[in-house]
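Participant: Quick one: structure below, then a few questions.
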Amino acid sequence: MAPILEVQGLTAGFPSADGTARVLDGVEFAVEQGEILGIVGESGSGKTMTALSVLQLLPPSCRVEAGEILFRGNGLLALGGREMNAIRGEEISMIFQNPRSSLNPLFRVERTLAQVLRTHRGLKGAEARRASIELLVDVGLPDPERILRRYPHELSGGMCQRVMIAFALASNPKLLIADEPTTALDVTVQLQVIELLARLRREHGLTLVLITHNLSVVAELCDRVMVMYLGRIVEEGPVAEIFDHPRHPYTIGLLGSRPTLGDHGRLNAIPGSVPDLRERPGGCPFHPRCPHAKDVCAQERPAHEEVAPAHWTECHFWREVAA
Ligand SMILES: Nc1ncnc2c1ncn2[C@@H]1O[C@H](COP(=O)(O)OP(=O)(O)OP(=O)(O)O)[C@@H](O)[C@H]1O
Ligand SMILES: [Mg+2]
């Protein structure tokens, strides 16, 4: 079956007087129907930008310079505002990095949910109310009638995240993109949200792209994982394969700095820091921080190589690194 989403050679940046800050540098990946794909990488690696580009929600100052995004075979970048609005609501949903800020603080849960159900499913009145209750039950919220009457500030972090998931699912999307859906939550609630997402996949065949800093969440939930660095996917493959046989020094670094479930800290145990995007290193973007770098790494960009079935990486020395 053709992938539900294909991103090809996506390159985007913020032009300014002192050069373009390139945030995506040839991003290329596919999402298969029914899978859970994780995206990991340090802060600033371009995870959120990748997600926003799929929905055409990049900041206005960000310019897409090259590439294509295909959703069920149709190019998204050429679509107009109206067509894209329909895709955003009904085909692809997103849970944003900060859930509370994307809820309207002036509306009770019921009103926001009713709006989504009316716009995308044509439901009104008692029908909409029944569907709202079903959705809240589906995301594991006890006493849905009471939740419907609440304002966002009256919800706990975990409830708020479940309500956001309910909103995202209200339109019956084919693809859900969740940007750090558990980061702000305490450990117990993180585990509950993970279990909820796993159940939604089992029961509804949800296809999910999950952006996270937390490799334990990836291990728990994802089928495949992509590792991003400086706007590029430097390694990708099945979760067990990447965890057992990482080939890129950056992935090895990330796994070495692996926080446990519930750790709110950022991944920062890799020596050095992410360079200024206007001064992107030539060759392999990771070479200035790489313990294995040799001359060639500064000069030539490594090829995208399949190192094991469905496991790809971009490193000149992956054979030596892995040894
Ligand atoms: N409006 C903007 N103008 C200029 N640069 C921006 C803007 N928004 C984001 N960036 C830059 O784009 C890069 C990628 O950002 P992005 O938000 O995708 O990172 P991320 O991987 O999601 O990080 P985090 O884990 O912190 O959420 C960062 O270096 C960020 O500083
Ligand atoms: Mg982000």
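We did not get these values from a lab; they are worked out from the coordinates using the rules stated. As the structure is a prediction and not an experimental result, all values here were calculated from the model. We place every Cβ from the backbone using ideal geometry, glycine too, and count neighbours over all the protein chains shown.
Participant: In terms of modelled amide H atoms, which long-range or inter-chain residues lie less than 5 Å from the amide H of L5?
Facilitator: Here V31, R72 satisfy the definition.
Participant: Sum -39500 (n - 2.57) across every DSSP H segment of at least 4 residues in the chain, then divide by the residue count to get the 222 nm mean residue ellipticity, nearest 500.
Facilitator: Mean residue ellipticity, 222 nm, calculated: -10000 deg cm²/dmol.
Participant: Quick query: amide H of G26 versus all other amide H atoms, modeled in the peptide plane; which residues come in under 5 Å with a sequence gap of 5 or more or a different chain?
Facilitator: L10, T11, A12
Participant: A further question on this structure: Of all beta bridges DSSP finds with both residues in the chain, what is the antiparallel percent, to the nearest 5?
Facilitator: Around 60 percent antiparallel, to the nearest 5.
Participant: For helix 81-90, what angle does its Cα long axis make with the longest principal axis of the chain, in degrees from 0 to 90 and rounded to 10?
Facilitator: That helix lies at roughly 70 degrees to the long axis.
Participant: Still on this structure, please answer the following. Check the straight Cα-Cα distances from K294 and name the lysines below 29 Å, setting aside those fewer than 8 residues away within the same chain.
Facilitator: K47
Participant: By DSSP, what percent of the beta bridges with both residues in segment 118-254 are antiparallel, rounded to the nearest 5?
Facilitator: Here the share of antiparallel DSSP bridges comes out near 55 percent.
Participant: On to the next question. How big is Rg to Rh over segment 1-123, alpha-carbon atoms, Rh as the Kirkwood inverse-mean-distance radius?
Facilitator: Across segment 1-123, the Cα-based Rg/Rh ratio is 0.99.
Participant: With charges set only on the Cβ (+1 for Lys and Arg, -1 for Asp and Glu), what does the dipole of the chain come to about its Cα centre, in debye to the nearest 20?
Facilitator: 1180 debye
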